[in-house]
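A quick write-up on the structure given underneath.
The values are calculated or read from the model by the stated rules, or taken from the named source; none is laboratory data. As the structure is a prediction and not an experimental result, all values here were calculated from the model. A quick note on method: Cβ atoms are made from the backbone with ideal geometry, for glycine too, and the neighbour counts reach across all protein chains shown. Side chains included, ligands, DNA and RNA excluded: accessible areas come from the protein's heavy atoms. Shrake-Rupley method; radii C 1.70, N 1.55, O 1.52, S 1.80 Å.
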Amino acid sequence: MSRPRSISKEDSLERALLLFWERGYDRTSIADLSEAIGVGPSSIYNSFGSKEQLFREAIDRYVATYASPAMKLIATDTGESAVEFVRELMRLLVKLYTDKKKPAGCAIFQSGGAGMPEESHACATTNEIKGGLRTAIRKRLDACAKAGDELSAPPKTLALFIVSSLRGISQLACDGASRSDLMKVADHAAESCAK
């Protein structure tokens, strides 16, 4: 009798992440995950407890790996202007969203599921991360304003604008928009942050 196939947790999370990223939470079944990871459904439940928990860990992996350069940029104030900060952030993410070696768009924006956070674990998970992203961007913009930048709107409003622009760019990347066109959108969004 052959032994069950063994796969590392990191490899399992990576495979699950790529599937959620490409198809979204709602369109990814346990059977799909089982096939992608190469283990039976019971192994998934034994390792992660539920599809929801596997999704959470996969999205955490996305933040810690693929989105890590953007998160470091947001967390590190080097004194650049608001326009420079937003341009660098958005250009970095456009590169990620249009990388041909990965699913298009942003795993957080594209995989969160439908419905309200109260009704969907996946939606609640991604909304929590998006809320943290808005807060972190707002803090950076607050610092820019305190350093003398004349912002075109309050930092809270601009943070919402930036996140909504990134969501739109993510969707456009999924729809096949070119990297060069999305870079132009990113630059325009950045320029609009200052008076």
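From the coordinates of this entry, percent of Cα pairs over 19 Å apart is computed, and it appears in (i) 61; (ii) 66; (iii) 57 under the label (i).
Only the Cβ atoms of Lys and Arg (+1) and of Asp and Glu (-1) were treated as charged; on that basis the dipole of region 88-195 about its Cα centre amounts to roughly 280 debye.
Computed over the chain with a Gaussian network model linking Cα atoms closer than 10 Å, the most mobile of ALA82, ALA67, ALA31 is ALA31. Among the listed pairs LYS95/LYS130; LYS102/LYS139; LYS100/LYS130; LYS9/LYS72, those whose Cα-Cα separation exceeds 22 Å are LYS102/LYS139; LYS100/LYS130; LYS9/LYS72. What you get for the chain, charging only the Cβ of Lys and Arg (+1) and of Asp and Glu (-1), is a dipole of about 240 debye around the Cα centre. Residues whose amide H comes within less than 5 Å of that of ALA194, counting only those at least five positions distant or on another chain, are SER152 (H built at 1.01 Å from N in the peptide plane). Between ALA147 and ASP11, the simple spin-label model (points 7 angstrom out along Cα→Cβ) gives 4.4 nm. How big, in percent, is the set of alpha carbon pairs in region 106-186 lying more than 16 Å apart? Summing the P(r) tail past 16 Å for region 106-186 gives 60 percent.
Going through the DSSP H helices of the chain, which span 15 Å or more along their own axis at the Cα atoms while scoring at least 0.0 as a mean Kyte-Doolittle hydropathy? The partial results should precede the final answer.
On the way: long enough: 9-23 (21 Å, -0.59); 51-64 (20 Å, -0.66); 82-97 (22 Å, 0.82); 121-146 (38 Å, -0.43); 155-174 (28 Å, 1.02); 179-191 (18 Å, -0.58).
Helix filter hits for the chain: 82-97, 155-174.
Largest mean-square fluctuation among ALA58, ALA36, ALA16, in a Gaussian network model of the chain whose springs join Cα atoms under 10 Å apart, belongs to ALA36. Protein heavy-atom accessible surface, 1.4 Å probe, per residue over the chain: 52 Å². Dipole magnitude for region 45-115: about 360 debye, using +1 per Lys or Arg Cβ and -1 per Asp or Glu Cβ, origin at the Cα centre.
How large a share of the accessible area of region 75-195, in percent, is made up of carbon and sulfur atoms when the probe is 1.4 Å and the other protein chains stay in place?
Values: 3240 of 6110 Å².
The value for region 75-195 is 53 percent carbon and sulfur by accessible area.
Inverting the pair-averaged 1/r between distinct Cα atoms of region 8-105 gives 14.8 Å as its Kirkwood hydrodynamic radius.
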